[in-house]
Every structure is written in structure tokens, then in C-alpha cells.
Amino acid sequence: MSQPDVDVVVVGGGPAGSCAAIVAARAGLSVVLLERGPFPGSKNMYGGVVYPRILDELIPNWWEEAPIQRWVTRRSTMMLTDTQALTVDFRSEAWGKPPYNGATAFRPDWDHWLAGYAEAAGAQLLTDTTVVGLIRDAKGAVVGVRTDRPDGDLTARVVIACDGVNSFLAKEAGLYEHADAKHFTLGVKETLSLPKEVIDERFAVRDRHGVDIEILGGTGKVNGGGFLYTGLDTLAVGVVLKLPKLAAQQQRPEQLVAGLKAHPAIAPLVQGAELKEYSAHLIPEAGLTMMPKMTTSGMLVAGDAAALCLAAGIWLEGVNFAMASGMYAGEAAVEAVHAGDVSENGLRGYQRRLSDTFVLKDHRKLRRAPELVLSDRVQHLYPGMIANVAERMFHVDNPHPKPGVRRILAQERKKAGVRRRDLLRDGWTGFRSFG
Ligand SMILES: Cc1cc2nc3c(=O)[nH]c(=O)nc-3n(C[C@H](O)[C@H](O)[C@H](O)COP(=O)(O)OP(=O)(O)OC[C@H]3O[C@@H](n4cnc5c(N)ncnc54)[C@H](O)[C@@H]3O)c2cc1C
């Protein structure tokens, strides 16, 4: 091949793309970061909580300037039936101090901020530029991308595809065997505005402290879950819906969000808030089951493009997995370019880094979790059974004495139609995943 235009082309200015570009540019490679939107983050949405500790080395003391809304110091997991709510609520003052844990942030702010580091490191950011295809050499190796700009072909030693969920670049490279609708959920979110003092009071937080509520149930007949996060003077409330179940019934996603907002446990929290924005996006939900091959000659795939988002019930983490995989893709590209071997073998350092770190370790450990969490029993039988047990435990039914929890559990299991062996099997799967 004649001399390529640049060493590395990164496609997509989301968290994966910017981190890949920062690492490659800091190592002295010539890097172009392509983003289809008018600025990085302009087209991006998510629920609202980012876990940035992975940036500790890349951007020391990132918390001093990261564009965060609030530090998450309260984390709740809520289980809903139509009329009941059971919540495990945790709070920690330590999470409100450096080096922090999670934060709420707006994606346009976050992604724009992160891309600034890529530019500062020397990467050239080209916005309003959509990649429309791959360029390959005679042997089929990827040697660049085609863009929608006039004369927009760009050749590179390594292409890093960070183009998000349903990556057409990974598909064009033949890295996905098949895409199955059951592996995706649809996330829909409303951003609501509410004065800061009202949020502080309703959610029992102060200063820049905030709350992350993950919700099981509350999505009617559609398997999925919900979330409610606090921004400084906004709330993010939304649902995550299993696609085949959504298609099989009549309600539209916005009706399901309205249903969640009307739940007696949620309604007082969002009351009077004004709708600012509505957005929707797919989530690669199935983890290990759907991951593509992530390396081919001349190309690496990172972030949601490689289905690396971790969606495991009590955890919905995609941004940290995207930032980490982007960094590792950048490192592997640097290694391969310096060694003069950008073949699949030369780029194998990427897979090794993913395997040796939380990225694939968490996915392996939690490989059964997405299916379990979205299963009919966990979605439609267990919440009612567990909430009824709690209701009977806390209900004072004098003159009757307090009943034993084992008896209540046995009665409620039967009433819910849960077979003992299914309960044991799901409990064992849950224990192996989360234990
Ligand atoms: C409703 C919802 C709630 C979520 N909640 C959370 C949460 O609270 N916390 C969390 O950590 N994660 C959450 N996630 C997951 C998280 O949003 C993703 O895992 C994360 O954004 C992946 O980052 P990425 O860089 O891989 O991809 P993306 O953020 O999707 O970025 C891809 C980028 O590529 C650009 N692009 C795409 N195609 C092209 C092209 N052809 N040419 C040029 N540019 C292109 C896009 O414009 C975009 O900027 C949520 C997701 C959804 C949908």
C-alpha cells in the first residue's frame, strides 16, 4: 500500500472514540477523529450516570474539570408492582469526595469535554462527517474509510470503529455473525426540569450530591426496567424495553414512560416537573452473547459498536466500558503501528487488554445476568411475590401474632404460581452472576 493519509482513523466522537484518539495521538501517531454530528456528543444520549474512575491515568484529577451535574451519593434499587414499591437505598458521604464514584452528566457536555483532550493531544477532529463505508486492499484488509465529504476517502494504517450500537462498520467488516432483535433494548428518556432546591428536598440531598435510582418493574407487560436520576436542576426518567416484547403489544414507549411517572412511588418525585427533551436510543443488551469479533486486519471495534455495554439489571454501564475499550484499542493500535504489523495478529494486544481487565471480566462473570433479569419470571412474577412478602411482614395484623417469614414466602410463592425448582434455579443463576 502507498503511504496512508494518517496512522489512525477513529470513527465516532463518543466516549470510546475520544479515548482511542487521546491515547493514539499522545503516543505521537497522526490521528483523525470523525464525527457525524456538529460536535462530539451532539447526537448522543444515555440515562445519565457516568463512572469515570477509568480516566484516573488518562486525565489525572479529571473531577476538577469534568462537566458533571451531581456526584452520585445515593444509589437505590427499586422493585415495583402496580401498587407497591420495595427499595434498597444506599448512601455514602465518601462518594461525594475525590476520587468520587459516579456522577450525573449530560452527554453533549461530557463527550465534547473528552474530545477536547483528543484535540489537545494532536488529533484532528472532523465534525459533520459521516463515514459511509470501508476501504479495503486487494487482500481484504481494512485500509481506510469513505466519508460523505467530497473527495472524502481517508486511508489509515488502523481504523478504530467507535460508531456505536448496531455498528455498520463492524457489520461491513463481517465481524458480526448475525444481529438479533432480542439482543437489543430500546431506551427512552425524558429530561424534566425542576428547581434545584425542590430536587434537593425531594431526594434528600445537598450541594452537588445526587441520586441514582434503578427500577425493576414499572414497564407494564413489556420486559425491561426504568431509571430516575438527578441532574442539578433536571431529572432524567426513562425506561429500557425489550424489543420483541415491545413489538408484541399495543403501548408506545412514551406511554410506558408516562405509566412509570404515574406510579405512586415515582409520581411525587417528578410532580410539577416540565418536559425539556425526549430521546430514544438502542442498547446492546445481551453482553457476551452478542459480541462480535473485535479485530480484523487494519481494524478494531470498541464501545457499543462491539456490544460492550454492561446491562445487568442493577448495573447499566456503557460509558465506562466504552472509555476503557477505546483506550485499549488506542494502545493496541500504537503497539501495532510501532511494530509495523497492523494485521489481525499484530493487533491482538487489543483482545488481550480487554480480557485482562474489567471489560471482559465483568461481562464473563455477568454473562447470564441480562437474560435472567429480562426473563418473564424476574419481570412479572418475582416482584409481586417479594413485595407481598414485605407487605405481610410489615403489616401489623393484631390481634393475630406476627407470621414467620418462611411461611409467608411459601404461601406467596404458591399464590404467584412460582415453581420451587424455577425459584431455586433462578436463585442459583443470580448467585453465580452477582455473588
Ligand atoms: C436510554 C439509555 C440509557 C443509558 N444509560 C446509561 C448510563 O446511565 N450510564 C452509562 O454508563 N451508560 C448508559 N447507557 C449506555 C451508553 O450510552 C453507551 O454504552 C455509550 O454511549 C457507548 O459509547 P460509544 O462511544 O461506544 O458509542 P456512542 O456514545 O453511541 O457514540 C458513537 C458516536 O459515533 C458517531 N457515529 C456513529 N456513526 C457514525 C458514522 N458513520 N460516521 C461518523 N460518526 C458516527 C455518533 O454520532 C456518536 O458520536 C445508556 C444507553 C441508553 C440508550
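Surrounded by fewer than 17 Cβ atoms within 10 Å (Cβ to Cβ) and on the phi < 0 side of the Ramachandran plot: does that describe Ser30?
Details: surrounded by fewer than 17 Cβ atoms within 10 Å (Cβ to Cβ): no; on the phi < 0 side of the Ramachandran plot: yes.
Here the answer is no, as Ser30 does not meet what is asked.
Out of Arg208, Arg202, which single residue is on the phi < 0 side of the Ramachandran plot, touching a Phe, Trp or Tyr at 6+ places or on another chain (Cβ under 8 Å), surrounded by fewer than 20 Cβ atoms within 10 Å (Cβ to Cβ) and outside the structural domain of Tyr328 (by TED's automatic domain parsing)? Even if it seems obvious, please write down each step before you answer.
Numbers: Arg202 fails: touching a Phe, Trp or Tyr at 6+ places or on another chain (Cβ under 8 Å).
Answer to the selection: Arg208.
Would you confirm whether any residue within the range 94-103 is without any contact (Cβ under 8 Å) to a residue 24 or more places away in the chain, of a type outside the set (A, V, I, L, M, F, W, C), more than 10 Å from the ligand (Cβ to nearest atom) and not assigned by TED's automatic domain parsing to the domain that holds Lys189?
In the first step, residues of the range 94-103 are kept if they are without any contact (Cβ under 8 Å) to a residue 24 or more places away in the chain; the result is 94, 97.
From what's left, of a type outside the set (A, V, I, L, M, F, W, C): 97.
Then drop every residue that is not more than 10 Å from the ligand (Cβ to nearest atom), which leaves 97.
If we keep only those that are not assigned by TED's automatic domain parsing to the domain that holds Lys189 as well, we get 97.
Taking every residue of the range 94-103 in turn, at least one turns out to be without any contact (Cβ under 8 Å) to a residue 24 or more places away in the chain, of a type outside the set (A, V, I, L, M, F, W, C), more than 10 Å from the ligand (Cβ to nearest atom) and not assigned by TED's automatic domain parsing to the domain that holds Lys189.
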Got at least one residue in the range 360-383 being in contact with a helix residue (DSSP H, G or I) (Cβ under 9 Å, 6 or more places away or on another chain), over 25 Å from Ile215 (Cα atoms) and among the β-branched types (Val, Ile, Thr)?
-> no
Please find, within the range 234-267, the residue that is nearest to Ala181 (Cα to Cα) out of those that are more than 16 Å from the ligand (Cβ to nearest atom), surrounded by 15 or more Cβ atoms within 10 Å (Cβ to Cβ) and at pLDDT 95 or above.
-> Gly259
Considering every residue within the range 148-171, establish whether at least one is surrounded by fewer than 18 Cβ atoms within 10 Å (Cβ to Cβ), modelled with pLDDT of 95 or more and basic (Lys, Arg).
-> yes
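Each row is one residue, and each column tells you yes or no for (1) assigned to a loop (DSSP other than H, G, I, E, B); (2) closer than 27 Å to Met299 by Cβ; (3) away from the ligand (no atom under 12 Å from the Cβ); (4) not acidic (Asp, Glu).
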position	(1), (2), (3), (4)
Val8	no, yes, yes, yes
Gly37	yes, yes, no, yes
Tyr46	yes, yes, no, yes
Trp71	no, no, yes, yes
Thr77	no, no, yes, yes
Asp89	no, no, yes, no
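Just give me the residues in the range 155-205 being part of a loop (DSSP other than H, G, I, E, B), more than 16 Å from the ligand (Cβ to nearest atom) and more than 25 Å from Ser76 (Cα to Cα), in sequence order. It would help to see each step written out before you state the result.
Residues of the range 155-205 part of a loop (DSSP other than H, G, I, E, B): 162-167, 173-180, 194-195, 204-205.
Subsequent filtering for residues that are more than 16 Å from the ligand (Cβ to nearest atom) retains 174, 177-178, 180, 194-195, 204-205.
Listed by number, the residues that qualify are Gly174, Glu177, His178, Asp180.
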Residue satisfying all of: in the range 312-335; at pLDDT below 95 and more than 8 Å from the ligand (Cβ to nearest atom); nearest to Trp110 (Cα to Cα) among these | Trp315
Complete set of residues in the range 285-309 that are modelled with pLDDT of 95 or more and either assigned to a strand (DSSP E or B) or away from the ligand (no atom under 16 Å from the Cβ) (or both) = Lys293, Thr295, Thr296, Ser297, Gly298, Met299, Leu300, Val301
In this structure, is Asp128 within 21 Å of Gly330 (Cα to Cα) and either assigned to a loop (DSSP other than H, G, I, E, B) or of a type outside the set (Phe, Trp, Tyr) (or both)?
-> no
Pick from the range 33-75, criterion more than 18 Å from Asp109 (Cα to Cα) and acidic (Asp, Glu), ranking: surrounded by the fewest Cβ atoms within 10 Å (Cβ to Cβ) | Glu57
Filter the range 206-233 for residues that are within 14 Å of the ligand (Cβ to nearest atom), small (Gly, Ala, Ser) and closer than 30 Å to Arg377 by Cβ and give the result.
-> Gly224, Gly225, Gly226
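Having 3 or more residues that are exposed (fewer than 15 other Cβ atoms within 10 Å of the Cβ) is the bar; report the helices (runs of 4 or more DSSP H) wholly within the range 330-435 that clear it. Even if it seems obvious, please write down each step before you answer.
Details: elements: 349-356, 358-365, 369-373, 382-394, 405-416, 420-434.
Helices (runs of 4 or more DSSP H) meeting the threshold: 349-356, 405-416, 420-434.
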Pairs where the first residue, in the range 260-284, is in contact (Cβ under 8 Å) with a residue 12 or more places away in the chain and the second is of a type in the set (Ser, Thr, Tyr), C-beta under 6 Å, 6+ apart | Glu274/Ser193; Lys276/Thr191; Lys276/Ser193; Glu277/Thr191; Ile283/Thr185
So which pairs qualify, if the first residue must be in the range 147-167 and in the same structural domain as Ala16 (by TED's automatic domain parsing) and farther than 22 Å from Ala306 by Cα, the second must be among the hydroxyl-bearing types (Ser, Thr, Tyr) and within 9 Å of the ligand (Cβ to nearest atom), the Cβ gap must be under 8 Å, and the two must be at least 6 apart or on different chains?
-> Asp148/Thr129; Asp148/Thr130; Arg149/Thr129; Gly152/Thr129; Asp153/Thr147; Leu154/Thr147
Taking Val337, is it in contact with an Asp or Glu (Cβ under 8 Å, 6 or more places away or on another chain) and either among the polar types (S, T, N, Q) or touching a residue at least 60 places away in the same chain (Cβ under 8 Å) (or both)?
-> yes
Checklist (1) in the same structural domain as Gly164 (by TED's automatic domain parsing); (2) more than 14 Å from the ligand (Cβ to nearest atom); (3) in a loop (DSSP other than H, G, I, E, B); (4) farther than 26 Å from Thr147 by Cβ applied to Leu29, failing item | (4)
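Listed residues Phe90, Phe106; which is buried (at least 21 other Cβ atoms within 10 Å of the Cβ), touching a strand residue (DSSP E or B) at 6+ places or on another chain (Cβ under 9 Å) and of a type in the set (A, V, I, L, M, F, W, C)?
Phe106 is the lone residue from the list that is buried (at least 21 other Cβ atoms within 10 Å of the Cβ), touching a strand residue (DSSP E or B) at 6+ places or on another chain (Cβ under 9 Å) and of a type in the set (A, V, I, L, M, F, W, C).
The values are calculated or read from the model by the stated rules, or taken from the named source; none is laboratory data. Worth saying up front: this structure is predicted, and the values here are computed from it rather than measured. Ideal geometry is used to build each Cβ from the backbone, glycine not excepted, and the neighbour counts take in all protein chains shown.
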